[in-house]
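**Q** My questions will all concern the structure given below.
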2 protein chains.
Amino acid sequence: MTAFGFDVLTTDGAARRGRVQTAHGSIETPAFMPVGTAATVKAMMPESVAATGAEILLGNTYHLMLRPGAERIGALGGLHKFMNWDKPILTDSGGFQVMSLSKLRKLDENGVTFRSHVDGSAHHLTPERSMEIQNHLDADITMAFDECTPFPAEHDVAASSMRLSMRWAKRSKDAFVPREGYGLFGIVQGSVYPDLRAESAAKLQEIGFDGYAIGGLAVGEGQEAMFETLEFTTPLLPTNRPRYLMGVGKPLDIVGAVLRGVDMFDCVMPTRSGRTAQAFTHRGTLNLRNARHAEDPRPMDEDCDCPACTHYSRAYLHHLIRCEEIQGAMLLTWHNLRFYQMLMARLRAAIAAGTLKQTAAVIEAELGRGDVEPL
Amino acid sequence: MTAFGFDVLTTDGAARRGRVQTAHGSIETPAFMPVGTAATVKAMMPESVAATGAEILLGNTYHLMLRPGAERIGALGGLHKFMNWDKPILTDSGGFQVMSLSKLRKLDENGVTFRSHVDGSAHHLTPERSMEIQNHLDADITMAFDECTPFPAEHDVAASSMRLSMRWAKRSKDAFVPREGYGLFGIVQGSVYPDLRAESAAKLQEIGFDGYAIGGLAVGEGQEAMFETLEFTTPLLPTNRPRYLMGVGKPLDIVGAVLRGVDMFDCVMPTRSGRTAQAFTHRGTLNLRNARHAEDPRPMDEDCDCPACTHYSRAYLHHLIRCEEIQGAMLLTWHNLRFYQMLMARLRAAIAAGTLKQTAAVIEAELGRGDVEPL
């Protein structure tokens with residue numbers, strides 16, 4: 001069993017090429033984590049997820065505590081065994097999804113009470129319970145329990161929300177059971193306010209975490225505000241710990257965040273888009289439902305090596321989507337996940353070569369080339 | 001390119017162990033053909049279908065003529081290339097599904113006019129058009145165009161329906177374009193009436209076909225009537241041509257039909273059941289939606305080598321089904337198709353060993369063992 005750790009292998013401006021070590025293996029960074037909400041990456045077999053190049057998955061504490069239940073997964077040997085994924089898993093703390101999905105929420109100093117969006121049953125989530133759940137799940141990376149500050153938020157609202165999250169971060173650290181190869185990440189809050197982000201980053205480092213996430217972004221503030229916030233936030237974080245931008249994002253969001261020093265990402269975009277006929281390609285996004293693909297013998301993306309692009313025409317994929325066939329979701333999801341992993345590999349290689357800025361410009365030009373309609 | 005052909009390798013009572021040769025490869029019989037209605041075996045990648053042991057798929061002329069259109073598939077290189085399946089394909093003639101799915105049907109001597117169940121568009125299907133469509137699809141085995149006699153049918157209704165199908169069989173033969181390695185099958189009709197089945201079988205042999213299907217069964221007559229009809233029908237067919245029982249069936253239907261001399265089968269049961277939480281196992285059928293599986297760490301079927309049974313617990317499969325996750329349909333479909341192929345391999349081995357009757361009795365006992373609730 002390796003100790004949990006992070007090594008920066010190379011830097012290129014603010015960007016870092018690194019490696020996270022966990023109990024279930026290592027992760028090359030910058031890394032993209034596919035989302036496996038309910039103990040499955042939707043429409044994918046786990047061996048296919050691994051074949052796309054993914055080295056770590058994200059699981060959702062909120063969904064798993066409701067169905068099938070954290071204790072049940074624990075009794076069945078943990079999330080890795082349950083879902084047949086033996087590589088690293090990061091679980092979120094449940095805080096974000098309680099706010100966005102549950103009903104009849106009530107938040108106080110102790111935690112959140114809410115009703116399940118599935119069956120209306122009552123639940124209570126606190127920093128201590130979130131740590132317990134993530135321990136049952138056997139997450140390689142546990143996230144501290146926080147309140148995701150809504151956007152927009154006035155300075156005083158953002159401040160008190162952030163300070164509650166910092167008190168919860170301390171309780172999370174105290175409740176976390178340290179185990180060899182397992183890490184706990186704190187989450188920087190403070191909306192788009194530099195002073196609050198600075199206060200949050202300092203407080204988290206005082207508590208001490210194995211990695212630092214940047215929360216409360218990708219919630220409607222727009223790419224420009226997100227990049228600005230990253231620009232003043234990442235320099236506040238220790239250089240020898242991984243930095244994780246939660247819930248981001250589109251390909252160019254990721255490129256911009258890597259340029260600003262972020263190491264880890266997760267987003268439902270490649271999987272959700274795969275179920276709604278949207279494909280990310282090296283010439284921009286394609287809507288495969290569009291009738292103009294009906295007789296097109298070309299592959300979806302000529303620069304992709306995934307099964308969807310090597311074995312099938314756009315005409316076939318269009319046909320599957322029009323007929324609402326499951327294989328359409330399977331193939332497009334596989335492609336999108338492979339596209340994201342190819343993007344990350346390209347960014348890692350560029351950092352190693354010291355050419356990230358040029359590569360970022362090339363990628364930006366490629367994705368706007370046309371051939372294709374906007375998403 | 002091999003000539004289309006069929007060899008009987010061994011017999012055991014009425015049962016035969018054989019091999020069909022086609023332009024896209026050979027098929028060991030008795031064989032089960034998974035159904036790939038709309039140019040996809042629902043919820044499966046074609047390489048996974050092949051991994052279950054399937055050597056031939058069935059495609060549906062009715063569905064494919066409506067979406068994406070036979071000419072379009074032809075222009076894209078045929079059905080094998082379109083759906084990435086390079087092994088043999090059998091296509092039905094469209095007759096059965098026009099009767100069961102389309103709207104505003106009008107049948108006359110020439111053929112059937114109908115409206116699409118998808119978009120209400122008007123279509124016309126004749127023996128000549130059915131042959132043309134199946135030629136565009138590049139089916140290794142083309143089925144003659146027939147009317148599937150409803151059940152129950154009075155003798156005179158069954159007789160005139162069967163005689164229309166025989167005139168259409170002749171027109172199908174005349175319109176079929178012979179190609180090396182491609183075969184045309186006739187379809188015996190006549191409901192449950194021995195004299196009509198005999199008349200039909202004789203007429204088809206007078207026309208001359210590469211194989212003989214038994215149609216108009218599995219339409220509500222029940223297993224006993226089906227077996228009785230097979231008992232007096234299969235002896236009417238040439239021994240040196242494959243015999244195909246259309247649309248059958250449950251595992252014990254197949255066992256009984258193999259005992260009575262049938263070589264080929266197709267049915268949506270394994271795939272459709274896979275999307276509705278039903279699993280076929282060596283101890284009978286399981287409904288994985290049932291709450292009693294929620295904490296069960298055991299595999300679905302201990303005697304199965306498919307991914308669903310080797311990598312996952314019943315608890316996990318139950319969880320996927322409760323959450324309506326696509327991976328649930330993917331895993332159960334894979335399992336059911338593998339179960340059917342294991343059944344066929346077992347029947348083939350038993351015929352080769354001359355022990356089919358004993359094996360059939362063992363299978364019957366196994367499937368009724370319990371552990372499990374009825375389907």
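The values are calculated or read from the model by the stated rules, or taken from the named source; none is laboratory data. Just so it is clear, the structure is predicted and the values come from calculations on it, not from any experiment. Note that each Cβ is placed from the backbone with ideal geometry, even for glycine, and that neighbours are counted across all protein chains shown.
**Q** Taking the condition of being part of a strand (DSSP E or B) and of a type in the set (A, V, I, L, M), how many residues in region B:233-254 meet it?
**A** Keep residues of region B:233-254 that are part of a strand (DSSP E or B), which gives B:243-245.
Going one step further and asking which of them are of a type in the set (A, V, I, L, M), we end up with B:245.
Of the residues in region B:233-254, 1 are part of a strand (DSSP E or B) and of a type in the set (A, V, I, L, M).
**Q** Something else: Of all residues in region A:244-269, how many are among the acidic types (Asp, Glu), within 19 Å of A:ALA349 (Cα to Cα) and touching a residue at least 60 places away in the same chain (Cβ under 8 Å)? Don't jump to the end; show me each part of the working.
**A** As a first pass, look at region A:244-269 and keep what is among the acidic types (Asp, Glu): A:253, A:263, A:266.
Of the ones still in play, those that are also within 19 Å of A:ALA349 (Cα to Cα) are A:253, A:263.
Now narrow it down to the ones that are touching a residue at least 60 places away in the same chain (Cβ under 8 Å): A:263.
Within region A:244-269, residues that are among the acidic types (Asp, Glu), within 19 Å of A:ALA349 (Cα to Cα) and touching a residue at least 60 places away in the same chain (Cβ under 8 Å) number 1.
**Q** Taking interchain pairs and intrachain pairs at least six residues apart, which have beta carbon atoms under 9 angstrom, with the first residue in region B:303-332 and more than 24 Å from B:ALA345 (Cα to Cα) and more than 7 Å from chain A (Cβ to nearest Cβ) and the second surrounded by fewer than 24 Cβ atoms within 10 Å (Cβ to Cβ) and among the small types (Gly, Ala, Ser)?
**A** Qualifying pairs under 9 Å: B:ARG314/B:ALA294; B:LEU317/B:ALA277; B:HIS318/B:ALA277; B:HIS318/B:ALA291; B:HIS318/B:ALA294; B:ILE321/B:ALA277; B:ILE321/B:ALA329; B:GLY328/B:ALA277.
**Q** Please find, within region B:1-35, the residue that is nearest to B:GLY94 (Cα to Cα) out of those that are assigned to a strand (DSSP E or B) and polar (S, T, N, Q). Step through it out loud before you land on a result.
**A** Initially, region B:1-35 is screened for residues assigned to a strand (DSSP E or B), giving B:5-12, B:15-22, B:25-29, B:31-33, B:35.
Now drop any that are not polar (S, T, N, Q), which leaves B:10-11, B:21-22, B:26, B:29.
Numbers: B:THR10: 33, B:THR11: 33, B:GLN21: 24, B:THR22: 22, B:SER26: 25, B:THR29: 24 Å.
Residue satisfying both the conditions and the ranking: B:THR22.
**Q** Would you say A:LEU286 is under 30 Å from B:ALA70 (Cβ atoms), out of contact with any Asp or Glu (no Cβ under 6 Å at 6 or more places or on another chain), away from chain B (no Cβ under 14 Å) and hydrophobic (A, V, I, L, M, F, W, C)? Spell out how you get there, then give the answer.
**A** Numbers: under 30 Å from B:ALA70 (Cβ atoms): yes; out of contact with any Asp or Glu (no Cβ under 6 Å at 6 or more places or on another chain): yes; away from chain B (no Cβ under 14 Å): yes; hydrophobic (A, V, I, L, M, F, W, C): yes.
The answer is yes for A:LEU286.
**Q** Do we find that A:ARG105 is basic (Lys, Arg) and buried (at least 17 other Cβ atoms within 10 Å of the Cβ) in this structure?
**A** Numbers: basic (Lys, Arg): yes; buried (at least 17 other Cβ atoms within 10 Å of the Cβ): no.
So A:ARG105 fails the test.
**Q** Which of (1) buried (at least 19 other Cβ atoms within 10 Å of the Cβ); (2) away from every other protein chain (no Cβ under 14 Å) is the odd one out, the single condition B:ALA352 does not satisfy?
**A** Answer for B:ALA352: the failing condition is (1).
**Q** Filter region B:263-278 down to the residues that are more than 9 Å from B:VAL248 (Cα to Cα) and of a type in the set (Val, Ile, Thr), then identify the one that is surrounded by the most Cβ atoms within 10 Å (Cβ to Cβ).
**A** Among those that are more than 9 Å from B:VAL248 (Cα to Cα) and of a type in the set (Val, Ile, Thr), it is B:THR271.
**Q** Would you mention how many residues in region A:66-115 are within 13 Å of chain B (Cβ to nearest Cβ) and under 27 Å from B:ARG289 (Cβ atoms)?
**A** In the first step, residues of region A:66-115 are kept if they are within 13 Å of chain B (Cβ to nearest Cβ); the result is A:66-86.
Keeping just the survivors that are under 27 Å from B:ARG289 (Cβ atoms) gives A:66-85.
Result for region A:66-115: 20.
**Q** Could you identify the single residue in B:LYS81, B:LYS87, B:LYS42 that is surrounded by fewer than 22 Cβ atoms within 10 Å (Cβ to Cβ), at pLDDT 95 or above and within 19 Å of B:MET143 (Cβ to Cβ)?
**A** On the way: B:LYS81 fails: within 19 Å of B:MET143 (Cβ to Cβ); B:LYS42 fails: within 19 Å of B:MET143 (Cβ to Cβ).
Selected residue: B:LYS87, the only one of B:LYS81, B:LYS87, B:LYS42 that is surrounded by fewer than 22 Cβ atoms within 10 Å (Cβ to Cβ), at pLDDT 95 or above and within 19 Å of B:MET143 (Cβ to Cβ).
Here is a yes/no grid of residues against (1) touching a helix residue (DSSP H, G or I) at 6+ places or on another chain (Cβ under 6 Å); (2) among the hydrophobic types (A, V, I, L, M, F, W, C):
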| position | (1), (2) |
| --- | --- |
| B:HIS24 | no, no |
| B:PRO30 | yes, no |
| B:GLY36 | no, no |
| B:MET65 | yes, yes |
| B:ARG72 | no, no |
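**Q** Residues being in contact (Cβ under 8 Å) with a residue 60 or more places away in the chain, closer than 14 Å to A:PRO251 by Cβ and not small (Gly, Ala, Ser): count how many of those fall in region A:343-368.
**A** The total comes to 7.
**Q** Does region A:196-252 hold any residues that are more than 21 Å from A:ALA360 (Cβ to Cβ) and basic (Lys, Arg), and which are they?
**A** Matches in region A:196-252: A:ARG197, A:LYS203, A:ARG241.
**Q** Restricting to region A:36-56, what's the tally of residues that are on the phi < 0 side of the Ramachandran plot, away from chain B (no Cβ under 13 Å) and either outside any loop (DSSP other than H, G, I, E, B) or not acidic (Asp, Glu) (or both)?
**A** Residues of region A:36-56 on the phi < 0 side of the Ramachandran plot: A:36-38, A:40-42, A:44-52, A:54-56.
Narrowing the set further to residues that are away from chain B (no Cβ under 13 Å) leaves A:52, A:54-56.
Next, only the ones that are either outside any loop (DSSP other than H, G, I, E, B) or not acidic (Asp, Glu) (or both) stay: A:52, A:54, A:56.
Counting residues in region A:36-56 that are on the phi < 0 side of the Ramachandran plot, away from chain B (no Cβ under 13 Å) and either outside any loop (DSSP other than H, G, I, E, B) or not acidic (Asp, Glu) (or both) gives 3.
**Q** Quick check on this structure: which one of A:VAL219, A:VAL258 is in a loop (DSSP other than H, G, I, E, B) and either within 13 Å of A:VAL188 (Cβ to Cβ) or within 14 Å of the chain's Cα centre (by Cα) (or both)?
**A** On the way: A:VAL258 fails: in a loop (DSSP other than H, G, I, E, B).
The match here is A:VAL219.
**Q** List the helices (runs of 4 or more DSSP H) that sit entirely inside region A:120-212 and contain at least 2 residues that are under 20 Å from the mean Cα position of the chain (by Cα).
**A** Numbers: elements: A:127-137, A:155-175, A:194-207.
Correct list: A:127-137, A:155-175.
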